[in-house]
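Asker: Structure provided below as structure tokens; questions to follow.
The values are calculated or read from the model by the stated rules, or taken from the named source; none is laboratory data. Given the structure is predicted, the values throughout are model-derived calculations rather than measurements. Here Cβ is always computed from backbone atoms with ideal geometry, including for glycine, and neighbour counts include all displayed protein chains. Heavy atoms of the whole protein, side chains included, go into the accessibility calculation; ligands, DNA and RNA do not. Shrake-Rupley method; radii C 1.70, N 1.55, O 1.52, S 1.80 Å.
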Amino acid sequence: MGDKPIWEQIGSSFVQHYYQLFDADRTQLGAIYIDASCLTWEGQQFQGKAAIVEKLTSLPFQKIQHSITAQDHQPTPDSCILSMVVGQLKADDDQVLGFHQTFLLKNLQGAWVCTNEVFRLALHNV
């Protein structure tokens with residue numbers, strides 16, 4: 001077995017970094033977005049670094065822990081990386097919930113940033 005392709009290495013590193021920041025201090029997530037970034041969170045649209053960070057920091061829980069079940073990464077024709085994550089999360093004392101999250105990563109001036117992100121809880125009984 002050879003090394004993983006570079007896009008898988010970058011995607012996996014980004015995913016690890018994202019959830020470490022999210023679980024420890026969501027206010028630090030602004031560093032991974034740009035002003036043109038877009039977020040769809042449970043169907044709600046947010047555009048721009050400030051709006052995205054405001055949404056993520058205003059989520060109604062004090063503590064959260066993500067557990068990643070699977071992640072897939074693909075290179076795009078325009079040198080970006082598409083990453084899809086499946087996992088579980090536990091917020092405060094709530095029950096464990098499944099989630100899906102997709103990121104589009106772009107290299108800008110030597111740094112990988114998230115230009116697009118989509119998040120959905122995996123709720124099948126509502």
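Asker: Within region 79-103, take every residue that is among the polar types (S, T, N, Q) and on the phi < 0 side of the Ramachandran plot and give me the one that is most open to solvent (accessible area, probe 1.4 Å).
Answerer: We begin by selecting, within region 79-103, every residue among the polar types (S, T, N, Q); these are 79, 83, 88, 95, 101-102.
Applying the additional criterion that residues be on the phi < 0 side of the Ramachandran plot yields 83, 88, 95, 101-102.
On the way: S83: 0, Q88: 94, Q95: 132, Q101: 3, T102: 46 Å².
So the residue we want is Q95.
Asker: Can you pull out every residue in region 92-120 that is outside any loop (DSSP other than H, G, I, E, B) and among the charged types (D, E, K, R)?
Answerer: Taking region 92-120 as the starting set, the residues that turn out to be outside any loop (DSSP other than H, G, I, E, B) are 97-108, 111-120.
Residues satisfying the conditions are K106, E117, R120.
Asker: I've got another one for you. For region 1-39, which positions are open to solvent by 30 Å² or more (accessible area, probe 1.4 Å), in contact with a Phe, Trp or Tyr (Cβ under 8 Å, 6 or more places away or on another chain) and either more than 19 Å from Q74 (Cβ to Cβ) or in a strand (DSSP E or B) (or both)? Walk me through how you get there before you give the answer.
Answerer: Residues of region 1-39 open to solvent by 30 Å² or more (accessible area, probe 1.4 Å): 1-10, 12-13, 16-17, 20-21, 23-28, 31, 34-36, 38.
Still in the list and also in contact with a Phe, Trp or Tyr (Cβ under 8 Å, 6 or more places away or on another chain): 10, 38.
Answer for region 1-39, where residues must be open to solvent by 30 Å² or more (accessible area, probe 1.4 Å), in contact with a Phe, Trp or Tyr (Cβ under 8 Å, 6 or more places away or on another chain) and either more than 19 Å from Q74 (Cβ to Cβ) or in a strand (DSSP E or B) (or both): just C38.
Asker: Hey, V53 hits all of (1) closer than 14 Å to Y18 by Cα; (2) touching a Leu at 6+ places or on another chain (Cβ under 7 Å); (3) open to solvent by 50 Å² or more (accessible area, probe 1.4 Å) but one; which does it fall short on?
Answerer: Of everything listed in (1) closer than 14 Å to Y18 by Cα; (2) touching a Leu at 6+ places or on another chain (Cβ under 7 Å); (3) open to solvent by 50 Å² or more (accessible area, probe 1.4 Å), V53 misses just condition (3).
Asker: Take the residues in region 111-126 that are farther than 12 Å from I10 by Cα, without any contact (Cβ under 8 Å) to a residue 12 or more places away in the chain and not β-branched (V, I, T); name whichever of them is least open to solvent (accessible area, probe 1.4 Å).
Answerer: N125
Asker: State whether one or more residues within region 40-47 are assigned to a strand (DSSP E or B), touching a residue at least 60 places away in the same chain (Cβ under 8 Å) and within 13 Å of N116 (Cβ to Cβ). Reasoning before the result, please.
Answerer: Going residue by residue through region 40-47, those that are assigned to a strand (DSSP E or B) are 40-41, 44-47.
Now narrow it down to the ones that are touching a residue at least 60 places away in the same chain (Cβ under 8 Å): 40-41.
This time we only want the ones that are within 13 Å of N116 (Cβ to Cβ), so: 40-41.
Looking through region 40-47, at least one residue is assigned to a strand (DSSP E or B), touching a residue at least 60 places away in the same chain (Cβ under 8 Å) and within 13 Å of N116 (Cβ to Cβ).
Asker: Does region 1-27 hold any residues that are under 17 Å from C80 (Cβ atoms) and of a type in the set (S, T, Y), and which are they?
Answerer: Selection gives S12, S13, Y18.
Asker: Another question, then. Could you list, in sequence order, all residues of region 61-78 that are among the hydroxyl-bearing types (S, T, Y) and either under 16 Å from the mean Cα position of the chain (by Cα) or open to solvent by 90 Å² or more (accessible area, probe 1.4 Å) (or both)? Before the answer, list the steps.
Answerer: Initially, region 61-78 is screened for residues among the hydroxyl-bearing types (S, T, Y), giving 67, 69, 76.
Passing the criteria: S67, T69.
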